[in-house]
1. Using the crude model of +1 on Lys and Arg Cβ and -1 on Asp and Glu Cβ, and no other charge, please compute the dipole size for chain A relative to its Cα centre, in debye to 20.
2. Give the lysines whose C-alpha is closer than 19 Å to that of residue B:25, dropping any in the same chain fewer than 8 places away, or say none.
3. Using Cβ counts within 10 Å as a stand-in for footprinting exposure, how do A:40, B:166 rank, fewest first?
4. Could you list A:20, B:101 in order of exposure, starting from the residue whose Cβ has the fewest other Cβ atoms within 10 Å?
5. Want the number for residue B:161 to residue B:93: 0.36 nm per residue separation, take away the alpha-carbon distance, what's left?
6. Let me check I've understood the local charge: for residue B:150, count other residues with C-beta under 12 angstrom from its C-beta, Lys and Arg +1, Asp and Glu -1. What total comes out?
7. Between residue B:17 and residue A:58, what is the label-point separation in nm under the 7 Å Cα-to-beta-carbon projection?
8. Please compute, for peptide A:52-64, the average count of beta-carbon atoms on other protein chains lying within 10 Å of each residue's beta-carbon.
Amino acid sequence: MIFREAEDRDLIAKARRGGVEAYNLLVSRWEKRIFNYLLRLVGDREDALDLTQEVFLKAYQNLGKLDDAGRFAPWLFRIAHNEAFSLLRKRRPETDVLPDENHAQRAFPIELSLAVESALARLSEEQREAVILKIYQGFKFEEIAEVLSCPVSTVKSRLYTALDLLKDALAPIHSRGVQ
Amino acid sequence: MSCSPDAIKDLLFGALEAAEASRVKEHMQQCAGCREEFDRLQFTQTALHALRDEEPPRRIAFVSDRVFEPRWWQRLWHSGPQLGFASAALLAAAITIHAFVRPAPEVAAVPDPAAIEARIMAEVSRRIEPAVRAAVAEAEARQKEKADEILAAARREFQAQREADRLMLSTLAEEFTLLQKRYNVLQLASADLGVLR
């Protein structure tokens, strides 16, 4: 992680001086994480890909405003968060299409991911984002608070409520045991 | 220690200090409910990882575009050594130029109040007088029109009155003539009867 940060710093410094190739390298190191964060948040591949593109374009244009290159990850995820919620706000009047809720009743490993997907889709956007940032992206609570621009207590509250809901949603699988 | 769902979750995410973590673990050894809760949370966390990361459908890459590239001064601004050198060079050049070219201190021109007032008055006159003239002319025209109207109305009234008086005089004259004639007739009649004798 330290090496990764050091390499990121180097690439950021080169990109700031106009090095497009250095920036492309930086993108290649982060695009999968950003894409998956957005995919789980907005639930649509095309939207997630468009947003990922937008996030990296905005990051390039605003690279000069990044005070501490060591804080690149929370800064980048903050941009992604803004882009995602901007899209979600536009979508809000429509009813989200939720995955089949019967997935949780099935205990086959091949369908466990569908059950998880279904359970995640039932969370509020804020709760889902807290789960994604903590469990899938492995951020510390303080970093998540920085990304979401809210207190750590709020992050914990959202995450723990979400975890209780997920626990209940996945309880049938737990009681049967995954084959 | 009593049961605390949040403390169990803190333990799950490694968000507790060592001493506090030990206390929660000790409690769990004696509390079947909390043990089961921790087990279910661990299962949930593991189950969430069944959702694998996906590869982006397309790679994202940028090409060199002058529109998005930083300007020369932006590059300079973000490069410490170059910026320092440029600042030092600029300072040295400024000192040198100042040493050779010393501009005479300029005495700030004190504005003359009388001249300013005269200019203001001239400007006021230039802008106000035509407007005043036009306004006066318009008011005069309106007054004249109104006076003409009043005069014409008075003339019409005078003519009507004069006509009425003339008619009345004419009627009086006719009545007087008629009375005169009747008087004459009465005179003649009384003479015939010898009343007046």
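1. About 320 debye.
2. Leaving aside lysines fewer than 8 places away in the same chain, those within reach of residue B:25 are B:9.
3. Placing the least packed residue first, the sequence is B:166, A:40.
4. In order of increasing Cβ crowding within 10 Å: B:101, A:20.
5. 14.2 nm
6. 0
7. 3.9
8. 2
All of the numbers you see were taken from the coordinates with simple rules; none came from a lab. Computed from a predicted structure; not experimentally measured. Cβ sites come from the backbone with ideal geometry, for glycine too, and all protein chains shown count toward neighbours.
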